[in-house]
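Report on the following structure.
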Amino acid sequence: MKKVILQALGICKSYAHNGTQNHILNHVDLDIYEGDFTVIMGASGSGKSTLLYSLSGMDMINAGKIIYKDEDIATYSEKKLAGLRHGEFGFVFQQMHLVSNLTLYENIVVPGYLNKKVSAKETKERANDLLEQMGLSKIQNHLPSQVSGGEQQRAAIARAVINQPKLLFADEPTGALNRKNTNEVLDLLSDMNAKGQSILMVTHDMHTALYATRILYLDDGKIIGELTLPSFNKDEEKSRETQISAWLSSMEW
């Protein structure tokens with residue numbers, strides 16, 4: 001039986017506009033399981049990114065609970081949330097947000113140095129291992145402006161996992177990449193998931209969704225559908241694409 005790593009209970013997010021409450025998330029109940037590669041899909045404006053940011057504690061909710069390690073993180077102070085995001089959660093964004101005047105190595109290693117639970121020696125070892133894993137060792141001393149978008153995103157992923165997060169959040173991580181770089185990043189995430197990394201990702205792209213082991217469909221702030229899949233296998237990509245396409249059509253995507 002799969003272990004629940006993060007749970008949402010009746011979470012709501014809304015804002016007032018011209019005297020009317022606009023509901024972005026409408027009583028969402030959700031379990032995220034350890035070891036899954038979970039993808040959230042839905043039409044533009046359905047609340048995908050809001051859900052991701054709410055679950056990670058980067059955005060506040062109006063009602064409901066978000067349970068992590070038996071605690072409601074929706075009640076955490078900003079300081080406590082910052083510690084959670086730094087030590088337990090990792091984040092990858094569409095725009096890489098690498099520090100422009102730091103090398104790829106420095107961008108990766110700095111968050112590790114901020115983790116007081118790990119020695120500087122171990123942080124360096126982790127960084128070097130990640131550079132090798134991401135295929136960045138030969139360009140580790142380059143600035144972000146000196147490498148491709150795909151290499152920047154791989155560095156951003158390495159930065160996100162330097163502290164070995166329990167859950168990796170990804171918001172359209174391939175949205176700014178061409179197909180070649182997209183495939184490289186997705187292969188990397190899939191390999192990480194196969195080794196046990198739990199991933200929660202938002203995407204609008206069906207090709208990206210092929211790598212998921214679980215797809216959730218969000219519509220008007222509510223989860224209306226779920227598709228469970230085996231681990232991604234390139235040899236079965238066409239049949240997988242057909243299956244997901246048919247399911248998305250049934251969701252009126």
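The values are calculated or read from the model by the stated rules, or taken from the named source; none is laboratory data. Just so you know, these numbers come straight off a predicted model, no measurement behind them. The protein model used for the area step is the full one, side chains on, heavy atoms only, and it has no ligands, DNA or RNA in it. Shrake-Rupley method; radii C 1.70, N 1.55, O 1.52, S 1.80 Å.
Excluding same-chain residues fewer than 8 positions from Lys3, which aspartates and glutamates have a Cα within less than 19 Å of its Cα?
Asp29, Asp31, Glu34, Asp36, Asp70, Glu71, Asp72, Glu88, Glu226
Expressed as a whole percentage, what fraction of the accessible surface of the stretch 90-221 belongs to carbon and sulfur atoms when a 1.4 Å probe is rolled over the protein heavy atoms?
Carbon and sulfur: 47 percent of the exposed surface of the stretch 90-221.
Evaluated at 25 °C with a viscosity of 0.890 mPa s, what Stokes-Einstein diffusion coefficient in µm²/s does the stretch 92-139 have when Rh comes from the Kirkwood expression over alpha-carbon pairs?
Calculated translational D: 214 µm²/s.
Rounded, prolate or oblate: which fits the stretch 1-98, taking a ≥ b ≥ c as square roots of the Cα gyration tensor eigenvalues, rounded meaning a/c under 1.5, else prolate when a/b beats b/c?
Values: a/c = 1.36, a/b = 1.33, b/c = 1.02.
Rounded.
May I ask you to compute the full-extension gain from Met60 to Glu237, defined as 0.36 nm times their residue separation minus their alpha-carbon distance, rounded to one decimal in nm?
59.9 nm
Give me P(r) over the stretch 35-83, computed from all C-alpha to C-alpha distances, binned every 10 Å, as integer percentages.
23, 49, 27, 2
Looking at the chain, what % of its DSSP beta bridges pair antiparallel, to the nearest 5?
On the way: 22 of 40 bridges.
Expressed as a percentage, antiparallel bridges in the chain total about 55.
What length, rounded to one decimal in nm, is gained on full extension from Asn18 through to Met1, with 0.36 nm per residue of separation minus their alpha-carbon distance?
Length difference between fully extended and current span is 1.4 nm.
Length gain on complete extension for the stretch Lys195 to Tyr113, per 0.36 nm per residue less the alpha carbon to alpha carbon distance? Spell out each step's value before the answer.
On the way: separation 82, 0.36 × 82 = 29.52 nm, distance 2.44 nm.
Full-extension gain reported as 27.1 nm.
Across the stretch 12-92, how many lysine pairs, 8 or more positions apart or on different chains, have C-alpha atoms separated by under 20 Å? Please give the number. All intermediate terms of the calculation are to be shown ahead of the outcome.
On the way: Lys13/Lys48; Lys13/Lys65; Lys48/Lys65; Lys65/Lys79; Lys65/Lys80; Lys69/Lys79; Lys69/Lys80.
The result is 7.
Indicate the gyration tensor shape class of the stretch 96-202 (rounded, prolate or oblate), computed on the Cα atoms with a ≥ b ≥ c the square roots of the eigenvalues: a/c under 1.5 is rounded; otherwise a/b larger than b/c is prolate and the rest oblate.
Oblate is the answer for the stretch 96-202, as a/c is 1.5 or above yet b/c matches or exceeds a/b.
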